[in-house]
Amino acid sequence: MKQGKKPTKRQKMEIKASGLNMDNWLVERDTPSMMIIVHRESGNSRTIRRGA
């Protein structure tokens, strides 16, 4: 698994829009169709899909 990075302002807004606390998540992978985020403490990952 890749190491997560701090989210940018745009990514933070997308995380918040999906109902999650943006302070608890790191961005593992960001593509035009989806963003994979990892929880800072537990290491669980989630996928946020973007409308295409």
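Under 8 Å between Cβ atoms, which residue pairs at least 6 apart in sequence (or on different chains) link something in region 36-52 that is in contact (Cβ under 8 Å) with a residue 40 or more places away in the chain and under 17 Å from LYS12 (Cα atoms) with a partner that is open to solvent by less than 100 Å² (accessible area, probe 1.4 Å) and of a type in the set (Asp, Glu)? Taking only residues 6 or more apart or on different chains, the pairs are SER45/GLU28. Listed by position, the strands (runs of 3 or more DSSP E) inside the chain whose residues that are open to solvent by 100 Å² or more (accessible area, probe 1.4 Å) number at least 2 are 45-49.
The values are calculated or read from the model by the stated rules, or taken from the named source; none is laboratory data. All of these numbers come straight from a predicted model, not from anything done at the bench. Don't worry about glycine lacking a Cβ; one is built from the backbone with ideal geometry, like all the others, and counts go over all protein chains shown. Only protein heavy atoms, including side chains, enter the accessible area calculation; ligands, DNA and RNA are left aside. Shrake-Rupley method; radii C 1.70, N 1.55, O 1.52, S 1.80 Å.
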